[in-house]
Amino acid sequence: MRPLLQEIRHTPLLWLLAFVPALFLLQRTKPQAHTLLFGVSVLAIVPLAALLSHATESVAVKTGDAVGGLLNATLGNLTELVIALAALRAGEYTLVKASIAGAIVTNTLFMLGASFLLGGLRHHVQEYNRVNARLQAGLLFLATVALLVPSAVGGADGASKNAFVTSLSLGLAVLLIVAYGLGLWFTLGTHPEIFASVAHGEDEEAPWPLGLAFVTLAGVTLLVALVSEVFVESVQDAAVDLGMSQAFVGFIVVALVGAAAEMTSAFAGARKNRLDLSVGIALGSASQIALFVAPVLVLASYVLGPAPMSLQFWPGAVVMMFIATMTAALVTNSGKSAWFIGVLVLTVYLVFAMTLYLLPQSGT
Amino acid sequence: MRPLLQEIRHTPLLWLLAFVPALFLLQRTKPQAHTLLFGVSVLAIVPLAALLSHATESVAVKTGDAVGGLLNATLGNLTELVIALAALRAGEYTLVKASIAGAIVTNTLFMLGASFLLGGLRHHVQEYNRVNARLQAGLLFLATVALLVPSAVGGADGASKNAFVTSLSLGLAVLLIVAYGLGLWFTLGTHPEIFASVAHGEDEEAPWPLGLAFVTLAGVTLLVALVSEVFVESVQDAAVDLGMSQAFVGFIVVALVGAAAEMTSAFAGARKNRLDLSVGIALGSASQIALFVAPVLVLASYVLGPAPMSLQFWPGAVVMMFIATMTAALVTNSGKSAWFIGVLVLTVYLVFAMTLYLLPQSGT
Amino acid sequence: MRPLLQEIRHTPLLWLLAFVPALFLLQRTKPQAHTLLFGVSVLAIVPLAALLSHATESVAVKTGDAVGGLLNATLGNLTELVIALAALRAGEYTLVKASIAGAIVTNTLFMLGASFLLGGLRHHVQEYNRVNARLQAGLLFLATVALLVPSAVGGADGASKNAFVTSLSLGLAVLLIVAYGLGLWFTLGTHPEIFASVAHGEDEEAPWPLGLAFVTLAGVTLLVALVSEVFVESVQDAAVDLGMSQAFVGFIVVALVGAAAEMTSAFAGARKNRLDLSVGIALGSASQIALFVAPVLVLASYVLGPAPMSLQFWPGAVVMMFIATMTAALVTNSGKSAWFIGVLVLTVYLVFAMTLYLLPQSGT
């Protein structure tokens, strides 16, 4: 525990951890103060994300960037899965789908773009292993096709259409999970050597011992899940107070805060010239949500939910996921990055954010 | 003839050739036994496809993989052209268009994906000449644009719309044939050296003499055409018996059996580490159907059909062709392959197949 | 002035300059002879374009191809901006948008394709710096997304929809201009070295002195603007006489003539094996129109126009811009070119041109 306490004492950012108990206290005493709860929960998530990031990096030093990126993406998405399962049990399928689509778009565009930009501000040109980026982009492309085709090919309406979409969603969910599993086997099992990192960057900080890192990972992940739940409960009401549209909250605000932990690691990696880690987290997290979290939620809806959930999304969400995938594929094609690539990707994200922010309420 | 008879004696698969005369006998005596005719015709096509494959390879040894791939694709598509012309004469334009779209999607996704998978199961990483793959993907992209734009740009409805689509289809058909011809001239005439094979793989089998190979090619192509006709006649009724939707039969079953001959060669090439041959057959066959067979059928409809056939497809078919083209472009970009690339491409195909299988009948 | 007069005396093409004063005379005496004015203005633009091209090349010799291409694109688009501002003042927003979309598609497909073809007819394989091509394709992709998303994501109709599109267009316009400015800073400021030309080609002609080049640039640009105005005024009526659809005139004819100056330079560059210059002009001009000219017109409409102009385009135009961008991205990926690549890109353009030519009038 000593390195952990020492780290907290020396990093002013981590003093924000005080907001974690404050939040739980506030939740008990003032459950209706939505905008306050919203603000405090954001302040509490930030230091937790930073801790999670440091713990993951300590593990990544020992496992290599590919496994480290996967681990980071998985832990980050675990909290999103926990939250989505709670929404699923309540039958709020629109919120579940919005958070899935938002997470895919945010990870692919904002996290990747900001990593390129932050890395590029410090390093003139950065290189990374494009094989991994291509694989993740390929998986994302597959998932987008799976979400696009049912609505594009299906023509009939009414009851038969509904049954068609439900059974198709079940089949596609199984297909995507199998593809994701085979992808992991390919990355870690049969062809690990082609996913090795290109450059290794700086690593001046002494990593934590593995045991401490794992305990921190587990504990902080749990805390993030608890805090996130308060955040999700309060965000809708806070949004009304702050004048934000529902679509903007679901796609942008929830997704940005939900990915805070992964982002801290991805941005730190980019600044240390370990862009492989950043790309692995950003695209790996997006493809994991698309090919694993979303299908698992479909399957879980048969057990937990009031009715089966389909994989059919709002057309605007499908368009945004498709464009995000194409952007990732175009941009990671060369395996090189400079600051303007980050600007380009972030601007695509800003186009989406601006559109959703200005969208009239009825358009969701 | 001796090497041919010797080959038949030593290859148990070729003993299935006995089903060829059996099929013609059955057709005469029991023309209403659709499901039986369907089954026997599939069993008869398989050994013919194997023979065709061996004959083509014997020629390819002497001509190089680029010409060999073209030859193989052309012979394979010749049978499809013969069948489509018969359907054209009967005025069954929906069947003709479904078989065109299905053949493009099946060749691009199933044949390419299965080649990558089968090759990858035997070889760790395979390389191929991506210049040829890019050219074919470019041709496919052009054809998809030609099929996409009329329906996307056309706005007016009614009689003027109809005349617009008919005259536009005629113009596009001529444009595509010219582009295909120039593409052949580029590949075989002005720039043959950049299409040379990357690796040559194993070639342990002694090739047949050229004369025997050509005679076999001609004879077997004719038999395949005859057997395919029985297959197409029986497949619709057999599908009803077996509970498959019409869209699934047209796009998937007919296309898979129709491409059996090319597939045998493509898969054999992949396993022998001659991936250039496989990619050449798969994408070359798809682009030939899109840029040559389909336009020729439009032109032929003016002479043979009851009315001019247009190039306007069902929107779902256009979406699938577009995604298939994009998949091919993304995947062949690197000129390298491993087993998981095959899984990825096959999964996109499975998404389509599953969608079509579950599609309510009225949605076609 | 002497090199200029000498050049005119020795280049028969430049004798067409006599049509410039003839046009202005004709405009005064026979303002209703639309088809005649149309013909003479085309004949007058050609030699002016040739002069502009030579002057720009003289400057490019001293500045390098990247700056030269930017300069050329900017001067070429200056005339388009002047014309569009005139149409804006008259409230003809449909014409303004058609000329923007047409210019993007024509520069991306026709200018790039014809450069590849003309260069390829003289040189077996040509290489160019694909980093610049990729950057321009990325900027174009961003602009297409900005034009695509509002119409794809917006769902509500009526008054709230209208206000949404107007305020979104304003925000997107600012975003695009900022992105364009950062792109210039990246190209010329922080990372100029990665945009250096690959090969330098032949340069047998003696360049003009810089002073003469700049004076010629300024004077000829002014003349092109004046002649273009006559051309735009007469083209609509001439089109009716010649039986061309309105969409065809706006997208194809106006765009081709409007880009005549840039084309002369791009084609000359390609033939001299300076493909970097050609690609820089073609894609640089397209991305400048999409990210700078179009947004500036939106902003200017608040000051000059009767009502704010939006960035919402006719869906067919968005599809064509999207396909043009994808074609450019696919084709410039390798950094190599041969004649057939030009044929491929030109054929995509011909598909569009044919579709627009045959489009029934009501479909615009």
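Of note:
- A point 7 Å from Cα along Cα→Cβ stands in for residue A:28, and the other copies hold the same point at 9.3, 9.3 nm, listed in rising order.
- The shape of the stretch C:223-269 comes out oblate: with a ≥ b ≥ c from the C-alpha gyration tensor, a/c is at least 1.5 while a/b does not beat b/c.
- Cα radius of gyration and Dmax for the stretch B:106-150 (Å): 13.6, 44
- Residue-wise HN-Hα coupling along the stretch B:161-170, computed from phi with Karplus coefficients 6.51, -1.76, 1.60 (Hz; x: Gly, Pro): 4, 4, 5, 4, 5, 5, 6, 5, 4, 4
- Solvent-accessible surface (1.4 angstrom probe) belonging to residue B:19, in square angstrom, nearest 10: 70 Å²
- For the protein assembly as shown, a crude dipole built from +1 on the beta carbon of Lys and Arg and -1 on the beta carbon of Asp and Glu, taken about the Cα centre, is about 160 debye to the nearest 20.
- ³J(HN,Hα) computed for each position of the stretch C:9-23 - Karplus, 6.51 cos²θ - 1.76 cosθ + 1.60, integer Hz, glycine/proline x: 4, 8, 10, x, 4, 6, 5, 4, 4, 4, 6, 5, x, 4, 4
- Extreme residue, positive dipole direction of the protein assembly as shown, given options C:189, C:124, A:264 (C-beta unit charges): A:264
- Within chain B, the percentage of alpha carbon pairs spaced more than 34 angstrom apart rounds to 24%.
- Overall, chain B carries a charge dipole of about 80 debye about its Cα centre when +1 sits on the Cβ of Lys and Arg and -1 on the Cβ of Asp and Glu, all other atoms neutral.
- Think of it as helices only: each DSSP H run of n ≥ 4 in chain C is worth -39500 (n - 2.57), and spread over all residues that comes to -24000 deg cm²/dmol at 222 nm.
- Cα point-scatterer Debye curve for the stretch C:232-364, base-10 log of I(q)/I(0) at q = 0.15, 0.16, 0.17, 0.18 Å⁻¹: -0.93, -1.04, -1.16, -1.26
- Surface per residue (accessible, 1.4 Å probe) for the protein assembly as shown, Å²: 37 Å²
- In order through the stretch B:245-252: 3J(HN,Hα) via Karplus (6.51 cos²θ - 1.76 cosθ + 1.60), integer Hz, x for Gly, Pro: 6, 4, 4, 5, 4, x, 7, 9
- Taking every Cα-Cα distance in the protein assembly as shown and sorting them into 20 Å bins from zero, the calculated P(r) comes out as 12, 40, 35, 13, 1 percent.
- Dipole magnitude of the stretch A:232-328 about its Cα centre (Cβ charges: Lys, Arg +1; Asp, Glu -1), debye to nearest 20: 380 debye
- Per the accessible-area calculation with a 1.4 Å probe, the total area buried between chain C and chain A rounds to 2700 Å².
- Computed on the stretch C:1-103, with alpha-carbon pairs under 8 angstrom and 6+ residues apart, the relative contact order is 19 percent.
- Remark: label point of residue B:15 defined 7 Å out from Cα along the Cα-Cβ vector; separations to the same position in other copies 8.6, 8.6 nm, ascending.
- Gaussian network model of chain A, Cα within-10 Å springs - most flexible of A:320, A:263, A:111: A:320
- In terms of accessible area, using a 1.4 Å probe and ignoring ligands and nucleic acids, B:61, C:227 rank largest first as B:61, C:227.
- When the surface is traced with a 1.4 Å probe over the full set of protein chains, residue B:11 keeps roughly 40 Å² accessible.
- Accessible-area rank, largest first, for B:63, A:347: B:63, A:347, with all protein chains present and a 1.4 angstrom probe.
- Largest accessible area first, the listed residues B:10, C:54 line up as B:10, C:54 when surface is computed with a 1.4 Å probe on the assembled protein chains.
- Choice from C:51, C:184, C:95 with maximal GNM fluctuation in chain C (Cα, 10 Å cutoff): C:184
- Taking the label point 7 Å along Cα→Cβ, residue B:78 and its counterparts in the other copies are spaced 6.2, 6.2 nm apart, in ascending order.
- Selection among B:59, B:25, B:49 by position relative to the dipole of the stretch B:1-80 gives B:25 as farthest towards the positive end (Cβ unit charges, Cα centre).
- Whether the stretch C:40-180 is rounded, prolate or oblate, judged on the alpha carbon gyration tensor where a/c under 1.5 counts as rounded: prolate
- Ignoring the sites themselves, chain A has its longest run without GluC sites (Glu not before Pro) in a DSSP loop having at most 14 other Cβ atoms within 10 Å at A:1-201.
- For the stretch A:56-125, the pair-distance distribution built from all alpha carbon pairs, in bins 5 Å wide starting at 0, is 3, 14, 15, 18, 20, 13, 8, 5, 2, 1 percent.
- Cα gyration tensor shape for the stretch A:1-106, rounded if a/c is under 1.5, else prolate or oblate: oblate
- Distance from the alpha carbon centroid of the stretch A:309-364 to that of the stretch B:210-242 works out to 48 angstrom.
- Enclosed volume per residue, in Å³, of the convex hull spanned by Cα atoms of the stretch A:185-295: 153 Å³
- The stretch C:1-45: mean projected area of Cα convex hull, nm²: 3.4 nm²
The values are calculated or read from the model by the stated rules, or taken from the named source; none is laboratory data. None of these values were measured; they are calculated from a predicted model. Please note: Cβ atoms are built from the backbone with ideal geometry, for glycine as well, and neighbour counts cover all protein chains shown. Quick note on the areas: whole protein, heavy atoms, side chains included, nothing else; ligands and nucleic acids left out. Shrake-Rupley method; radii C 1.70, N 1.55, O 1.52, S 1.80 Å.
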